[in-house]
Amino acid sequence: MVSRIKGIEFKMLDPEMIKSLAAVRIVTSDLYDVDGYPVEGGVMDPRLGVIDPGLHCRTCGSGIGDCPGHFGYLELAKPVINILYTKAIYKLLKITCSKCGRVLSKPEDNKKSKDLSRNPPGKCPYCGQEQGKIKFLKPNTFYEDKEEMSPEHIREWFERIPDDDLKRINFKGGRPESMILTLFPVSPVTTRPSITLESGEKSEDDLTHKLVDIVRINQSLRENMDIGAPDFIINDLWELLQYHVTTYFDNELTGIPQARHRSGRPLKGMIQRMKGKEGRIRGNLLGKRVNFSARTVISPDPRISINEVGVPDIVAKELTIEVPVTKLSMNEVKEAIKRDRANYAKRPDGRRIKISSENKEEILENIAEGWVIDRQLKDGDMVLFNRQPSLHRPSIMAHKVRVMPHKTFRISPQVCPPYNADFDGDEMNLHALQTEEARVEAAELINVKNNLISPRFGGPLIGLDLDQISGVYLLTRSKKKFNRKETSAILSKAGIKIDLPDGVAEFTGKEIFSLLLPKELNMEFKSTSCRQCDSCIKEKCEYDSWVKIKNGKLLTGTIDAAAVGAFKGKIISRMHGLVDTDTIRKFIDNAGRLGVAFMGQRGFSIGISDLDLKDDIMEQIGKRIVKAEKESNALIEKYNNKELEILPGMTASESLETRILNVLAEGLNSTSEIVKEHVKDSDFIVMVNSGSKGSLVNLTQMAACVGQEAILGQRIKRGYYNRTLPHFRQGDLSAAGHGFVRKGFKQELSPTELFWNIMNGREGLMDKSLRTRKSGYMQRRLVNALQDLRVTPSLAVKNSNGHIIQFVAGEDGVDPSKSEWGDVHE
Amino acid sequence: MPKHEILSDKEKKEVMAKFDVNESQLPKISISDPVMETMDASPGDIVRITRNSKTAGKAVYYRVVVK
């Protein structure tokens, strides 16, 4: 019969329930006798459950794994407060009468219990008893009119409170006296298993240690009470018992010294087991360790495709996939066993046999339909590949296995952007999929080649990078003609297998690149190197920045980051609507290798002398900077004479700071212009223009002037009294004294300038680590809040209650991952 | 202010059928909302709101009037 759960009521354990749940009454603090067997009536009593393999439970008779464990109980010599209820105890003491236990207001007063506890009346409306002032001294002491209240006293008080009154103040979870423990539940041994060390020594769980303490102190307290020991001894022991019970529940309370292990490590209380990232909830229930997975360092291999992953042979030997033996798979299975590429054979009766060189002949003879073998990973298997933090969907994608020698996972450098990976020691995880359905689903849905377009912004996540871009830029820009032999040489170096069209004797760089483009492609756009002229003359662009592709032929323009770069590449996003994803995959693979191959042939080199400027140019730049400094000095003088124009919403000194920053930035900009105009053509410029790495700012900072170093967006202010460094006078407001670096890195920086630069560098470092932590938590909260929203067939976004969040997903109903930058494909 | 219109009973039924929802699953708007005070709406009515949208130009939204 199926019945519906109407609700669950959570209640405090009361003494009756503790007793009825218990299988054992705990009477001794001894764990094991001299022979090493658990002592009956101790906290490892065999009736509390089984943790040793092969043994059976004395209470329920089942073995390890089936026996859930059974509670015991301990009779406390004197009651102690359950520390987790101190707040509720405090509140209840304040709003109930010390004599009759009634709530300190009559129902007709209609007072809320909150107001009552905030403002307790001095007199009981029922019995007229004057009420003492209740104080709570954290963590566990209560005072009534400055007199300490014993847990016994509190318990008696609570026993007087009538049920009806508790109902009126909405007190839930049973009788309030359960908050003062008289019986202590001893948790089953299955919740605190002991570990036998290699030396044969037993190591107990933290909770067991804690329980031993509690039982021991309880015993000694009882003995002392029995012999009528003086009050101070009894009270000391009572306090100690309270301490042990408290830290059993929570060992991270403020005001209570942590209970420690012999080694000095704080013990784990109940609360610590559950709380936090590694606690029961987040660590064991919401996240688990998995089998069939591997983790190692990643390194680049530009020769493999973007949807492949190089798997070390030692990993491939360990990870397996189940293959049922059928008529169709028989040959494959036998071959795998013969070549030692299968680890286990499972017979229909469920027996698992490890395949070794000794027994493989025998297995080969016996194997029949209905068996299942665990086959090792091999080339072509679909596996999941992941890099943490998994911030977005493409942080896990499916790759095709390529078994390789050595010990790192190999990936194409082009799949780094979606994973945000680099090769400075990053590690990644791999999961071998265990069912055919999972493998097909992965190969279709999360295959790298089917996730080239970001579901966030509709542009490509994967594209060329660095030298690959510089390479195709140089190739498609060069005026050189390549004869058939030279062309073949470049293509074969790039590992591209394409037949050259017949009857063509020479190829331009553009024509070589065109060999990779699908015939369907037609598009025009501005490349990265576009100078943003006032009126664009398109095809006739003198910088060759107007890219025009017709029927898969690159007619004009240079291919650079705007065409094929990761996060930018227009060609890649356009191809997405035109050709199948495998074609795009091959294009990305080939274009990258073509770029690098051409670059290798041409040669590529940069040096700091590439940024040498002629003396007269340097003089010009110097003048600009001096001018900017003069302007800022003029502002400072105006400010000192109180003549400075004050900007809206700012104080005078704020206005000055803003004005100075603007003036200096303006000066830097004008030097930038000069650098841009006069720097000689070099491979530096190739990198900047193609968008592969570096910017005009980097060039200017090296060649001419670093400019203002800022802390928190302000000129540098911190340091000594009224000045930043002892090199300056007090009250100095000059540019040089507040972080302005007038030289470039190529010239020498003065000691103070170097200091400004390092300050800024440190800020950048701190900022980065702070930002990632903050945004990580932000992300977590957002994901938790939004994870059950889904798009329904009517395109509406609903949550799990069916409440509508948006009537059309994203208001336009467009899935960005199937769009071109958010727009539907033409 | 975006355009607000009260739906006829027929339109109301169509909207709820289209999105397969009941009244309680639709976004709500209070009868005391300043916009509602400009119109003659009563609890249980559905208003169609046509807003400008960054992604779609115009976007339609529905809210059920509640007390």
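Taking interchain pairs and intrachain pairs at least six residues apart, which have beta carbon atoms under 7 angstrom, with the first residue in the stretch A:619-643 and over 14 Å from A:ARG659 (Cβ atoms) and the second polar (S, T, N, Q)?
Close Cβ pairs satisfying both conditions: A:ILE621/A:THR671; A:ARG624/A:SER670; A:ARG624/A:THR671; A:ILE625/A:THR671.
Going through the stretch B:1-13 one residue at a time, which ones are in a loop (DSSP other than H, G, I, E, B) and in contact with a strand residue (DSSP E or B) (Cβ under 7 Å, 6 or more places away or on another chain)?
Those that are in a loop (DSSP other than H, G, I, E, B) and in contact with a strand residue (DSSP E or B) (Cβ under 7 Å, 6 or more places away or on another chain): B:PRO2, B:LEU7.
Looking only at the stretch B:30-67, how many residues end up being away from chain A (no Cβ under 13 Å) and open to solvent by 50 Å² or more (accessible area, probe 1.4 Å)?
Of the residues in that region, 9 qualify.
Answer yes or no: is there a residue in the stretch A:759-779 that is of a type outside the set (Lys, Arg), touching a residue at least 40 places away in the same chain (Cβ under 8 Å), crowded, with 17+ Cβ neighbours inside 10 Å and outside the structural domain of A:GLN388 (by TED's automatic domain parsing). Write out each step before concluding.
Pass one, the stretch A:759-779, residues of a type outside the set (Lys, Arg): A:759-761, A:763-767, A:769-770, A:772, A:775-779.
This time we only want the ones that are touching a residue at least 40 places away in the same chain (Cβ under 8 Å), so: A:759-760, A:763, A:776, A:779.
Next, from what is left, pick out any that are crowded, with 17+ Cβ neighbours inside 10 Å: A:759-760.
Next, only the ones that are outside the structural domain of A:GLN388 (by TED's automatic domain parsing) stay: A:759-760.
For the stretch A:759-779, residues of a type outside the set (Lys, Arg), touching a residue at least 40 places away in the same chain (Cβ under 8 Å), crowded, with 17+ Cβ neighbours inside 10 Å and outside the structural domain of A:GLN388 (by TED's automatic domain parsing): present.
Let's see how each residue does on (1) over 23 Å from A:LEU253 (Cα atoms); (2) at pLDDT 90 or above; (3) of a type outside the set (Val, Ile, Thr); (4) part of a strand (DSSP E or B):
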residue	(1), (2), (3), (4)
A:CYS67	yes, no, yes, no
A:VAL80	no, yes, no, yes
A:THR86	no, yes, no, no
A:LEU93	no, no, yes, no
A:LYS114	yes, no, yes, no
A:GLY128	yes, no, yes, no
A:PRO139	no, no, yes, no
A:PHE142	no, yes, yes, yes
A:GLU148	no, no, yes, yes
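Check whether at least one residue in the stretch A:631-643 is buried (at least 19 other Cβ atoms within 10 Å of the Cβ), among the hydroxyl-bearing types (Ser, Thr, Tyr), farther than 15 Å from A:GLY744 by Cα and at pLDDT 90 or above, and report yes or no.
Within the stretch A:631-643, one or more residues are buried (at least 19 other Cβ atoms within 10 Å of the Cβ), among the hydroxyl-bearing types (Ser, Thr, Tyr), farther than 15 Å from A:GLY744 by Cα and at pLDDT 90 or above.
Could you grab me the full set of residues in the stretch A:685-700 that are part of a helix (DSSP H, G or I) and either crowded, with 22+ Cβ neighbours inside 10 Å or among the hydroxyl-bearing types (Ser, Thr, Tyr) (or both)?
Within the stretch A:685-700, the first condition is being part of a helix (DSSP H, G or I), and the residues that meet it are A:685-690, A:696-700.
A:VAL686, A:MET687, A:ASN689, A:SER690, A:THR700, listed by residue number.
Determine which member of the set A:GLY813, A:GLY802, A:GLY822 is in contact (Cβ under 8 Å) with a residue 60 or more places away in the chain and within 12 Å of chain B (Cβ to nearest Cβ). Before you say what the answer is, go through the steps one by one.
On the way: A:GLY813 fails: in contact (Cβ under 8 Å) with a residue 60 or more places away in the chain; A:GLY802 fails: in contact (Cβ under 8 Å) with a residue 60 or more places away in the chain.
Exactly one of A:GLY813, A:GLY802, A:GLY822 is in contact (Cβ under 8 Å) with a residue 60 or more places away in the chain and within 12 Å of chain B (Cβ to nearest Cβ), namely A:GLY822.
Tell me which of these A:GLU204 doesn't satisfy, since it passes every other one: (1) closer than 30 Å to A:GLU40 by Cβ; (2) open to solvent by 30 Å² or more (accessible area, probe 1.4 Å).
For A:GLU204, the exception is condition (2).
So which residues in the stretch B:14-28 are open to solvent by less than 40 Å² (accessible area, probe 1.4 Å), assigned to a helix (DSSP H, G or I) and at the interface with chain A (Cβ under 8 Å from one of its Cβ atoms), if there are any at all? Break it down stepwise before answering.
Applying the first criterion (open to solvent by less than 40 Å² (accessible area, probe 1.4 Å)) to the stretch B:14-28 yields B:15, B:19, B:21, B:25-27.
Restricting the remaining residues to those that are assigned to a helix (DSSP H, G or I) gives B:15, B:19, B:25.
Hits for the stretch B:14-28 are B:PHE19, B:GLN25.
Each row is one residue, and each column tells you yes or no for (1) farther than 30 Å from A:THR671 by Cα; (2) β-branched (Val, Ile, Thr); (3) within 14 Å of chain B (Cβ to nearest Cβ); (4) in a loop (DSSP other than H, G, I, E, B).
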position	(1), (2), (3), (4)
A:GLN730	yes, no, no, yes
A:LEU733	no, no, no, yes
A:GLN747	no, no, no, yes
A:TRP756	no, no, no, no
A:MET766	no, no, no, no
A:THR772	yes, yes, no, no
A:GLY776	yes, no, no, no
A:GLN779	yes, no, no, no
A:PRO793	yes, no, yes, yes
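Looking at (1) part of a loop (DSSP other than H, G, I, E, B); (2) under 30 Å from A:ARG593 (Cβ atoms), which is the only condition A:ILE314 fails?
(1)
Restricting the search to the stretch A:423-436, which residues are within 26 Å of A:GLY565 (Cβ to Cβ), in contact (Cβ under 8 Å) with a residue 24 or more places away in the chain and open to solvent by 40 Å² or more (accessible area, probe 1.4 Å)?
Step one: filter the stretch A:423-436 for residues within 26 Å of A:GLY565 (Cβ to Cβ), giving A:423-426, A:428.
Those still in the list that are in contact (Cβ under 8 Å) with a residue 24 or more places away in the chain too: A:423, A:425-426, A:428.
Those that are within 26 Å of A:GLY565 (Cβ to Cβ), in contact (Cβ under 8 Å) with a residue 24 or more places away in the chain and open to solvent by 40 Å² or more (accessible area, probe 1.4 Å): A:PHE423, A:GLY425.
Checking the conditions here, which among A:ASN420, A:ASN386 is closer than 24 Å to A:GLY592 by Cα and either open to solvent by 80 Å² or more (accessible area, probe 1.4 Å) or among the β-branched types (Val, Ile, Thr) (or both)?
Details: A:ASN386 fails: either open to solvent by 80 Å² or more (accessible area, probe 1.4 Å) or among the β-branched types (Val, Ile, Thr) (or both).
Residue meeting the stated conditions: A:ASN420.
Return yes or no: is A:ILE306 touching a residue at least 12 places away in the same chain (Cβ under 8 Å), in contact with a helix residue (DSSP H, G or I) (Cβ under 6 Å, 6 or more places away or on another chain) and within 25 Å of A:PHE409 (Cα to Cα)? Lay out the reasoning, then the answer.
Details: touching a residue at least 12 places away in the same chain (Cβ under 8 Å): yes; in contact with a helix residue (DSSP H, G or I) (Cβ under 6 Å, 6 or more places away or on another chain): yes; within 25 Å of A:PHE409 (Cα to Cα): yes.
Answer is yes for this residue.
Kindly evaluate A:ARG790 against the criterion of being of a type in the set (Lys, Arg) and exposed (fewer than 11 other Cβ atoms within 10 Å of the Cβ).
Values: of a type in the set (Lys, Arg): yes; exposed (fewer than 11 other Cβ atoms within 10 Å of the Cβ): no.
Answer is no for this residue.
Condition test on A:GLY719, is it assigned by TED's automatic domain parsing to the domain that holds A:ILE636 and touching a residue at least 12 places away in the same chain (Cβ under 8 Å)?
On the way: assigned by TED's automatic domain parsing to the domain that holds A:ILE636: yes; touching a residue at least 12 places away in the same chain (Cβ under 8 Å): no.
When the stated conditions are applied, A:GLY719 does not pass them.
Collect the residues in the stretch A:393-412 that are in contact with a Pro (Cβ under 8 Å, 6 or more places away or on another chain) and not hydrophobic (A, V, I, L, M, F, W, C), keeping them in residue-number order.
Selection gives A:ARG393, A:PRO394, A:SER395, A:PRO405, A:HIS406, A:LYS407, A:THR408, A:ARG410, A:SER412.
Tell me which residues, restricted to the stretch A:240-299, are among the charged types (D, E, K, R), under 31 Å from the mean Cα position of the chain (by Cα) and open to solvent by 80 Å² or more (accessible area, probe 1.4 Å). Before you say what the answer is, go through the steps one by one.
The initial filter retains those residues of the stretch A:240-299 that are among the charged types (D, E, K, R), namely A:250, A:252, A:260, A:262, A:265, A:268, A:273, A:275, A:277-278, A:280, A:282, A:288-289, A:295.
Filter once more, so that each one left must be under 31 Å from the mean Cα position of the chain (by Cα): A:250, A:252, A:265, A:268, A:273, A:275, A:277-278, A:280, A:282, A:288-289, A:295.
Listed by number, the residues that qualify are A:GLU252, A:ARG265, A:LYS268, A:LYS275, A:LYS277, A:GLU278, A:ARG280, A:ARG282, A:LYS288, A:ARG289, A:ARG295.
Of the numbered conditions (1) open to solvent by less than 80 Å² (accessible area, probe 1.4 Å); (2) farther than 30 Å from A:GLY600 by Cβ; (3) basic (Lys, Arg), A:LYS317 satisfies every one except a single condition; which is it?
Unmet condition: (1).
Restricting to the stretch A:311-345, name every residue that is without any contact (Cβ under 8 Å) to a residue 24 or more places away in the chain and farther than 20 Å from A:VAL401 by Cβ.
A:LEU328, A:ASN331
The values are calculated or read from the model by the stated rules, or taken from the named source; none is laboratory data. No experiment lies behind these values; they were computed from the predicted model shown. So basically every Cβ, Gly included, is an ideal-geometry build from the backbone, and we count neighbours across all protein chains shown. Heavy atoms of the whole protein, side chains included, go into the accessibility calculation; ligands, DNA and RNA do not. Shrake-Rupley method; radii C 1.70, N 1.55, O 1.52, S 1.80 Å.
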